[in-house]
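The values are calculated or read from the model by the stated rules, or taken from the named source; none is laboratory data. If you're wondering where the values come from, they're calculated on a predicted model, not measured in any experiment. Glycine gets a Cβ as well: all are built from the backbone with ideal geometry, and neighbour counts include every protein chain shown.
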């Protein structure tokens, strides 16, 4: 099965089970438990509100941890890639790139990476969005979390 072409406007990944089911159910659960507590303010209904928040925060934190681990892997992969692609004058400055910048640079094809890195290091491009919008030849990443 062929994967669709990825661009700046289509690169965000939504996991339907998480974004369109789990998150809305967690939010609804918080609202419902708060409404129940307001109607019947007892210890047990208050405790259910606390549990609803704990569940939502726990799931959100687990997702954040997975994304952080993914970013660390991308940082490692991109540093290796940059060591191979950059000219000597830029190679020594790879450590100056922040993780978010490396995460964005991963979408650029090899031939445009040196110029892109030069623009990032000069301060012309600073945010992930700036970097991604500057990419001319998009390199898809269909494996991200």
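Brief remarks on what is shown
- Subset of the stretch 61-73 (residues that are closer than 22 Å to residue 30 by Cα and in contact with a helix residue (DSSP H, G or I) (Cβ under 8 Å, 6 or more places away or on another chain)): 63
- Of all residues making up the stretch 13-27, the number that are within 30 Å of residue 140 (Cα to Cα) and part of a helix (DSSP H, G or I): 9
- Elements of the type helices (runs of 4 or more DSSP H) sitting completely within the stretch 28-145 and holding at least 2 residues that are under 25 Å from residue 17 (Cα atoms) and under 13 Å from the mean Cα position of the chain (by Cα): these cover 43-85.
- Subset of the stretch 1-24 [surrounded by fewer than 10 Cβ atoms within 10 Å (Cβ to Cβ) and either farther than 23 Å from residue 64 by Cα or at pLDDT 95 or above (or both)]: 1, 2, 3, 4, 5
- Test set (1) free of Cβ contacts under 8 Å to residues at least 12 places away in the same chain; (2) under 30 Å from residue 15 (Cα atoms); (3) touching a helix residue (DSSP H, G or I) at 6+ places or on another chain (Cβ under 8 Å) - residue 76 fails condition number: (3)
- Taken together, the residues in the stretch 118-134 that are within 24 Å of residue 69 (Cβ to Cβ) and either surrounded by 14 or more Cβ atoms within 10 Å (Cβ to Cβ) or in contact with a strand residue (DSSP E or B) (Cβ under 7 Å, 6 or more places away or on another chain) (or both) amount to 4.
- Residue pairs whose Cβ atoms lie under 6 Å apart, separated by 6 or more positions or on different chains, with the first residue in the stretch 117-129 and under 22 Å from residue 84 (Cβ atoms) and the second in a loop (DSSP other than H, G, I, E, B), are 119/125; 121/93.
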